[in-house]
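To start, the structure itself, in structure tokens.
The values are calculated or read from the model by the stated rules, or taken from the named source; none is laboratory data. Everything numeric here is computed off the predicted structure, so don't read it as measured data. Please note: Cβ atoms are built from the backbone with ideal geometry, for glycine as well, and neighbour counts cover all protein chains shown.
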Amino acid sequence: MKIVIFGPQGSGKGTQADIIAERLNICHITMGDLLRSEAKSGSELGQKINLLINEGQLVSDDIVFNLLQDRVTMSDCGLGFILDGFPRTLAQAELLDKIIQIDMALEIWISDEESVRRITDRRSCSSCGAVYHLIYNPPKVEGECDKCQSLLVIREDDKEGVIKKRLEVYHQQTESLIKHYQDKNAYLKIDGMLSIPEVTREIFGKLNLQ
């Protein structure tokens with residue numbers, strides 16, 4: 001199964017993507033991880049990506065798309081995958097349509113107020129990038145990553161002012177994905193205001209995975 005998952009900041013889509021990937025035995029592909037991996041590789045493309053990131057610029061759709069195209073052809077994606085962080089815009093969705101037929105697009109919906117509230121309690125690993133939440137998904141040891149035991153930090157883009165600006169961008173751009181996938185009869189809206197187990201049950205129910 002080939003799935004796209006999207007939602008506003010703090011919606012828990014990454015957590016749900018991990019759960020879905022494990023249940024279906026498919027890959028969870030995050031564009032952030034792909035970009036960071038390539039940036040660290042030392043390749044010519046990686047150096048270009050690293051420069052763009054360090055200058056605070058967006059990586060172009062062409063670069064992101066080419067990385068994704070290479071990734072989904074790898075053998076571990078044979079049973080499918082769930083894409084997290086791509087597409088973010090209608091233009092990206094149309095690019096994706098050229099190489100992949102998406103089976104389902106899941107929107108994890110939460111209110112803007114809930115998004116801000118959740119993100120202020122979010123912590124990220126300073127080394128591997130794993131994300132935790134002090135209330136909903138706390139680390140086993142306070143301030144320490146479960147995966148690599150590195151220090152957990154508050155990212156600059158998790159501050160309230162930045163969050164609100166990112167939400168504006170989300171509403172302006174990413175919500176255009178809704179109609180795009182509705183037109184393909186591949187859109188499902190999930191109530192992300194519920195607890196993590198309740199959201200999972202709703203997703204599994206709507207995907208007939210129970």
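Among the listed residues L95, L134, L152, which satisfies the condition of being closer than 30 Å to D183 by Cβ and surrounded by 12 or more Cβ atoms within 10 Å (Cβ to Cβ)? First the steps, then the outcome.
Working: L134 fails: closer than 30 Å to D183 by Cβ; L152 fails: closer than 30 Å to D183 by Cβ.
None of the other options fit; the residue is L95.
Do we have any residue at all in the range 83-106 that's touching a residue at least 40 places away in the same chain (Cβ under 8 Å) and over 21 Å from Q173 (Cβ atoms)?
yes
Let's see how each residue does on (1) buried (at least 16 other Cβ atoms within 10 Å of the Cβ); (2) at pLDDT 85 or above; (3) closer than 24 Å to R123 by Cα:
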residue	(1), (2), (3)
R23	no, yes, no
I26	yes, yes, no
A39	yes, yes, yes
E55	no, no, yes
R71	yes, yes, no
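So which residues in the range 72-120 are charged (D, E, K, R) and either under 18 Å from the mean Cα position of the chain (by Cα) or more than 21 Å from L194 (Cα to Cα) (or both), if there are any at all? Write out each step before concluding.
From the range 72-120, those charged (D, E, K, R) are 76, 84, 88, 94, 97-98, 103, 107, 112-114, 117-118; that's our starting set.
Within the range 72-120, D76, D84, R88, E94, D97, K98, D103, E107, D112, E114, R118 qualify.
Please determine, by comparing only the residues of the range 163-203 that are of a type in the set (A, V, I, L, M, F, W, C), out of contact with any helix residue (DSSP H, G or I) (no Cβ under 7 Å at 6 or more places or on another chain) and assigned to a helix (DSSP H, G or I), which one is surrounded by the most Cβ atoms within 10 Å (Cβ to Cβ).
I178
Quick grid of which residues meet (1) part of a helix (DSSP H, G or I); (2) more than 24 Å from D158 (Cα to Cα); (3) not acidic (D, E):
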{"residue": "Q47", "(1), (2), (3)": "yes, yes, yes"}
{"residue": "N50", "(1), (2), (3)": "yes, no, yes"}
{"residue": "V59", "(1), (2), (3)": "no, no, yes"}
{"residue": "I63", "(1), (2), (3)": "yes, yes, yes"}
{"residue": "A93", "(1), (2), (3)": "yes, yes, yes"}
{"residue": "Q101", "(1), (2), (3)": "no, yes, yes"}
{"residue": "E113", "(1), (2), (3)": "yes, no, no"}
{"residue": "C128", "(1), (2), (3)": "no, no, yes"}
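Consider the range 17-76. How many of its residues are touching a residue at least 24 places away in the same chain (Cβ under 8 Å), of a type in the set (S, T, N, Q) and within 18 Å of L95 (Cα to Cα)?
2
For the range 142-149, indicate whether the set of residues that are in a strand (DSSP E or B) and either of a type in the set (V, I, T) or closer than 22 Å to F6 by Cβ (or both) is non-empty.
Within the range 142-149, the first condition is being in a strand (DSSP E or B), and the residues that meet it are 144.
Add one more test, that the residue is either of a type in the set (V, I, T) or closer than 22 Å to F6 by Cβ (or both), and what stays is none.
Taking every residue of the range 142-149 in turn, none turns out to be in a strand (DSSP E or B) and either of a type in the set (V, I, T) or closer than 22 Å to F6 by Cβ (or both).
So which pairs qualify, if the first residue must be in the range 196-208 and over 18 Å from Y136 (Cβ atoms), the second must be of a type outside the set (S, T, N, Q) and exposed (fewer than 14 other Cβ atoms within 10 Å of the Cβ), the Cβ gap must be under 8 Å, and the two must be at least 6 apart or on different chains?
Pairs found: F204/R23.
How many residues, within the range 10-65, are hydroxyl-bearing (S, T, Y), within 14 Å of the chain's Cα centre (by Cα) and more than 21 Å from Q173 (Cα to Cα)?
So the count comes out to 1.
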